[in-house]
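The values are calculated or read from the model by the stated rules, or taken from the named source; none is laboratory data. Predicted, not measured: the structure shown is a model, and the values here were computed from it. Don't worry about glycine lacking a Cβ; one is built from the backbone with ideal geometry, like all the others, and counts go over all protein chains shown. Just the protein is used for accessible areas: all its heavy atoms, side chains included, with ligands, DNA and RNA removed. Shrake-Rupley method; radii C 1.70, N 1.55, O 1.52, S 1.80 Å.
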Amino acid sequence: QVQVVESGGDLVQPGGSLRLSCAASGSIVSISVMGWYREAPGRQRELVASLSKGGEINYADFVQERFTISRDSAKDTLYLQMNSLKPEDTAVYYCKIVVKTRSSLLNQDYWGQGTQVTVSS
């Protein structure tokens, strides 16, 4: 079993900052990719940022250098530092990990339950 738990979502004013965390645990042998996605009401879930095992980072165009993804490998924890938040950043933010487990050495996707980020004055 693999667990993915996000935290850090909150209500913040435009221009503010938040730091999201994603803790992965369970029977993980290796993590290939960890990433943040978001889903706003009426819109499809979209990639925000991802970080591969080899250190490759990808950001969505809308991030515009406002967000920073990072990882504490010792803790299997992923972070998303979000600065200069805008109302259009309002969404549920999800963490996805791609891992090999003790029961299967094929890469599998696991999602967290999401954390709400609301940017409003």
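Observations
- The lysine pair count for the chain, using Cα distances under 18 Å and pairs eight or more places apart or on different chains, is 5.
- Largest mean-square fluctuation among Ala74, Ala24, Ala40, in a Gaussian network model of the chain whose springs join Cα atoms under 10 Å apart, belongs to Ala74.
- Accessible area per residue, Å², the chain with all protein chains present, probe 1.4 Å: 53
- Annotation for region 30-71: GluC sites (Glu not before Pro) lying in DSSP loop with at most 11 further Cβ atoms inside 10 Å of their Cβ are Glu56, Glu65.
- Within the listed set Lys53, Lys100, Lys75, the Gaussian network model of the chain (springs between alpha-carbon atoms below 10 Å) gives the highest mean-square fluctuation for Lys75.
- Share of alpha-carbon pairs per 5 Å distance bin for the chain, given as whole %: 2, 12, 23, 24, 19, 11, 6, 3, 1, 0
- Residue among Gln13, Gln81, Gln44 with the largest mean-square fluctuation in a Gaussian network model of the chain, springs linking Cα atoms under 10 Å: Gln44
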